[in-house]
Amino acid sequence: LESFYGRQLRLSPHVLGHSKAHVGRVVAELVRAAKAQGLQPGPLALSLRGDFVRIGSAYEQHKVRSPDCFDILVPLRLPPHLEPQPRSAEGLGTCGAFVCGLRARAGWLRRYRPFAEGFCVELQGRSHLSSALVLRWFQGHLQRCLGAVRYRLQERCRISLSACPGRPPTLHILPCSDYVCCHISMAVRLIPAIPLGDALYLTALPPEGPQGPLAPEALWGLNASRQEQRLLSWLKEQAPASSCHLKCLQILKGLRDLRGQGLEEPFSSQWGRVLSSYVLKTALFSLLLQGPLEAWDERFLVERLEDLVLYLRDCLRKQVLMHFFLGNASLPEAVALPRFLKEAAPVNLLAAFDGATLDLAAFQLINTWFQAPHIIRMYSSPRYLRPAPTP
């Protein structure tokens, strides 16, 4: 496991630091240009708030293999009187995600009709902000601003923007050879986000997200990445300096990826979704708060990794792994939660999968752990190693 971690999973802090700094500079230029182009839009248009929020494994110290992919939230500024309306209690959040609508208050439509016609859809007789229309506007707005930014950055890097329907646009960065010492092509997913306050955001649901009986584009997903980062910071302060909890997460992600190379479709795709990085991270959070943090010292790496595998196996067998922040009353007092999260209905992250799929995933997970040395040797050979993804 140590060799597997050192050779295939561990990132160079030097390279990761350079990549994050470079991504931050380029995204700052683009966001600044996009905000300037939308200055003083009035109450009838969308605009950028002017900042951005770094999220995901690259900024939480548990990314594996290569620092070539990053996630950035780009907060938007909306007209007033759009209020969040959680919908999970009405049966729309039963597929493993918390969903929320942004509903216009009574009388709003008359005052903001141009905005409503451009960015809203009707749901149960009321106007709701459409995630699909907002995403389309966001992609076009960034694309229009790309020319000026590309010119300013031409000595540092080459940049381009690509987008798939229904998904956030991706900024591709290719550093110039004489600018940085780490010449890695980077892909940055720019995610438009609706601020709810208290460092909470709403983001568009992925195309394979919950499909309720109502228009899915009127629904948004909840992003609590800043709360996760605060919890990780608190755990770092409380755990031993040599704590292995993030290393356990990285190794388990690596084993999941290797095992997936030997599985056949359609289960191969389901395996990656059932054991998504978010599910693995949620299981780690739950396990960390069950026992003394001193037990996560580096010398207990194998024992703690086995505990994590067994905990996940039990969750898969029971078909239950609850979202860590929604309605969780057992969080440490030091990790203060916004009221919106405290009062939210709990969500089972595994609810989107049938029992047979979860049982098979539980079997493959425990088999992966028992066969870890063999799987590492077999699928780490040049024959099986997949080429690095091209941004």
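Toward the positive end of the charge dipole of segment 1-160, with +1 on the Cβ of Lys and Arg and -1 on the Cβ of Asp and Glu, the farthest Cα among TRP137, TYR5, VAL149 is that of VAL149. Using only Cα atoms, tell me the angle between helix 13-37 and the longest principal axis of the chain; keep it within 0 to 90° and round to the nearest 10. Compared with the principal axis, the helix lies near 10 degrees. Computed from label points 7 Å out along Cα-Cβ, the spacing between SER3 and GLN290 is 3.1 nm. The value given for segment 1-223 is a Kirkwood hydrodynamic radius of 18.9 Å, derived from the mean inverse Cα-Cα separation. For the pair segment 312-387 and segment 11-29, the centres of their Cα atoms are 29 angstrom apart. Sorting LYS63, LYS318 by accessible area puts them as LYS318, LYS63; the probe is 1.4 Å, largest comes first, and only protein heavy atoms count.
Other residues with beta-carbon under 14 Å from the beta-carbon of SER127 carry, at +1 per Lys or Arg and -1 per Asp or Glu, a net charge of +2. Over all distinct Cα-Cα pairs of the chain, the Kirkwood formula returns a hydrodynamic radius of 22.6 Å. Shape class of segment 239-384 from the Cα gyration tensor (axes a ≥ b ≥ c, square roots of the eigenvalues): oblate, since a/c reaches 1.5 or more and a/b does not exceed b/c. In this simple spin-label approximation, ALA21 and ALA336 carry label points 7 Å from Cα along the Cα→Cβ vector, and these lie 3.4 nm apart. FRET efficiency for the PHE363 to HIS14 pair, using the beta carbon distance and R₀ = 56 Å, is estimated at 0.90. You can think of it this way: the chain between ASP297 and HIS374 has 25.1 nm of extra reach, that is 0.36 nm per residue less the Cα-Cα gap. Helices in the chain, meaning DSSP H runs of at least 4 residues, each add -39500 (n - 2.57). Divided by all residues, the mean residue ellipticity at 222 nm is -12500 deg cm²/dmol. Treating each Cα of segment 319-373 as an identical point scatterer and summing with the Debye formula, the log10 of I(q)/I(0) at q = 0.18, 0.26, 0.28 Å⁻¹ comes to -0.72, -0.94, -1.03. Extension gain for the segment GLU83 to ARG317, taken as residue separation times 0.36 nm less the Cα-Cα distance, is 80.4 nm to one decimal.
The H on the amide N of ALA193, modeled in the peptide plane, is under 5 Å from the matching H of VAL74, LEU76, each at least 5 residues off or on a different chain.
When the C-alpha to C-alpha distance is required to be over 31 Å, the pairs from LYS35/LYS281; LYS63/LYS342; LYS318/LYS342; LYS35/LYS236; LYS20/LYS253 that qualify are LYS35/LYS281; LYS35/LYS236. A crude spin-label estimate for the pair ALA356 and VAL121, with each label 7 Å from Cα along the Cβ direction, gives 3.1 nm.
How do GLU60, GLU343, GLU217 rank by accessible surface area computed with a 1.4 Å probe, from largest to smallest?
GLU343, GLU217, GLU60
Figure legend: label point modelled 7 angstrom from the Cα of SER185 along Cα→Cβ; residues of segment 59-89 with amide N under 19 Å from it are 65-71. Full extension of the segment from GLN61 to SER162, taken as 0.36 nm per residue of separation minus the current Cα-Cα distance, would add 33.7 nm. Accessible area of THR357 (1.4 Å probe, protein heavy atoms only, ligands and nucleic acids ignored): about 10 Å². Ordered from largest to smallest accessible area (heavy atoms of protein chains, 1.4 Å probe), the residues TYR379, TYR151 come out as TYR151, TYR379.
Working note: Karplus 6.51/-1.76/1.60 with θ = phi - 60° gives segment 341-349 the couplings 6, 4, 8, 6, 6, x, 10, 8, 5 Hz, where Gly and Pro are set to x.
Considering only alpha-carbon pairs that sit under 8 angstrom and 6 or more positions apart, the relative contact order computed for segment 239-384 is 32 percent. Helix 355-370 axis versus longest C-alpha principal axis of the chain: approximately 50°, rounded to the nearest ten.
The values are calculated or read from the model by the stated rules, or taken from the named source; none is laboratory data. The structure presented is a predicted model; accordingly, all values stated were derived computationally and were not measured. Virtual Cβ from ideal backbone geometry, glycine too; neighbours counted across all protein chains shown. Surface areas here come from the heavy atoms of the whole protein model, side chains and all, with no ligands, DNA or RNA. Shrake-Rupley method; radii C 1.70, N 1.55, O 1.52, S 1.80 Å.
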